[in-house]
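Here's the structure, in structure tokens; my notes come after.
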Amino acid sequence: SEMLGELNVSHCGARYRGRMPNGDQTAALGVFFDYNYEGDGIKITEIIKEGPMDKANIKAAPGMIIKSINGQPIGKDVDFAKHLNRLAGKFTALSVFDPKSNITHNITVKPISTGAENALLYRRWVRMNEEQVNKESKGTLAYVHIRGMSDGYYRTTYEKVMGKYLDREGLIVD
């Protein structure tokens with residue numbers, strides 16, 4: 001850190017990422033859960049846009065409860081993550097209960113890696129910021145986030161500024 005400070009270089013750093021070849025690889029369903037829910041299963045609070053469960057043919061919505069994963073019931077004292085280990089990209093059967101209609105739907109999804117879910121969460125975060133800035137400024141300001149300091153990210157940002165947001169009076173660059 002002292003050497004990097006002396007160089008005074010922006011976006012410079014070092015890190016270590018250890019690898020465990022047989023470590024867990026928990027897949028993600030692309031949903032937010034209600035961790036205060038006390039019954040059996042997993043209560044869905046939000047389905048992440050473009051995630052595995054955000055499909056027209058999948059009957060799942062906030063308020064519904066995932067009762068089982070690949071036939072394994074999810075009890076209230078069970079860490080459901082163990083049922084998602086090494087399932088990224090693999091067809092997975094879910095039993096989803098709708099308390100409003102009292103109907104259980106059996107659906108098939110392909111969970112994604114946590115890295116892929118993080119990318120969806122990033123896009124969600126940017127969308128939320130864009131919507132808030134648009135709402136608060138009554139459409140006069142725009143919001144862009146520069147994800148990284150590379151040519152591709154620069155071009156994406158430039159495209160938004162000079163395309164989608166060309167008519168705005170001001171710009172918030174994050």
Which of ALA61, ALA14, ALA28 fluctuates most in a GNM of the chain (C-alpha springs under 10 Å)? That residue is ALA14
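So, with a 1.4 angstrom probe, what is the percent of accessible area on segment 99-152 that is carbon and sulfur?
The computed percentage sits at 52.
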tail above 19 Å in the computed P(r) of segment 73-135, as % of all Cα-Cα pairs, reads 55 percent
When the charge dipole of the chain is computed with +1 at the Cβ of Lys and Arg and -1 at the Cβ of Asp and Glu, the Cα pointing farthest to the positive end, of VAL109, VAL161, LEU29, is that of VAL109
Magnitude of the Cβ-charge dipole (Lys and Arg +1, Asp and Glu -1) of the chain about the Cα centre, nearest 20 debye, reported as 560 debye
Taking a probe of 1.4 Å and leaving out DNA, RNA and ligands, segment 9-145 shows per residue an accessible area in Å² of 64 Å²
Within the chain, excluding any chymotrypsin sites (Phe, Trp or Tyr not before Pro) found in a DSSP loop (not H, G, I, E or B) and having at most 15 other Cβ atoms within 10 Å, the longest uninterrupted segment runs 92-174
Residue by residue through segment 114-126, the couplings from Karplus 6.51 cos²θ - 1.76 cosθ + 1.60 with θ = phi - 60°, in Hz, x for Gly and Pro, are 5, x, 5, 5, 4, 5, 5, 5, 4, 4, 4, 4, 5
Applied in sequence order to segment 95-104, the curve 6.51 cos²θ - 1.76 cosθ + 1.60 (Karplus, θ = phi - 60°) yields integer Hz couplings, x standing for Gly and Pro, of 10, 10, 9, 9, x, 5, 9, 6, 10, 9
Taking a straight Cα-to-Cα line shorter than 29 Å from LYS110, and setting aside same-chain lysines fewer than 8 residues away, one finds LYS43, LYS49, LYS55, LYS59, LYS67, LYS76, LYS82, LYS90, LYS100
If the chain between LYS110 and ALA93 were fully extended at 0.36 nm per residue, the gain over the current Cα-Cα distance would be 5.2 nm
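Using DSSP to define loop residues, name the GluC sites (Glu not before Pro) in segment 85-160 whose beta-carbon has at most 14 other beta-carbon atoms within 10 Å.
Those that pass, being in a loop and sparsely packed, number zero.
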If one builds a Gaussian network model of the chain from Cα atoms under 10 Å apart, the most fluctuating residue listed among THR114, THR45, THR140 is THR140
Nearest-0.05 FRET efficiency for GLN132 and ALA61 at R0 = 25 Å, using Cβ-Cβ distance, is 0.55
Hydrodynamic calc, the chain: Kirkwood Rh from Cα pairs, then Stokes-Einstein at 4 °C with viscosity 1.567 mPa s, so D in µm² s⁻¹ is 67 µm²/s
What the Cα atoms of segment 93-174 span along the principal axes, largest first and in whole Å, is 50, 32, 17
If the label point sits 7 Å along Cα→Cβ of LEU121, residues of segment 72-110 with amide N under 13 Å come out as none
Residue separation between MET20 and ASP167 times 0.36 nm, minus their alpha-carbon distance, gives in nm 47.9 nm
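The values are calculated or read from the model by the stated rules, or taken from the named source; none is laboratory data. Just so we're clear, the structure is a prediction, and the values are computed from it rather than from any experiment. For neighbour counting, all protein chains shown are included, and Cβ atoms are generated from backbone atoms with ideal geometry for every residue, glycine included. Only protein heavy atoms, including side chains, enter the accessible area calculation; ligands, DNA and RNA are left aside. Shrake-Rupley method; radii C 1.70, N 1.55, O 1.52, S 1.80 Å.
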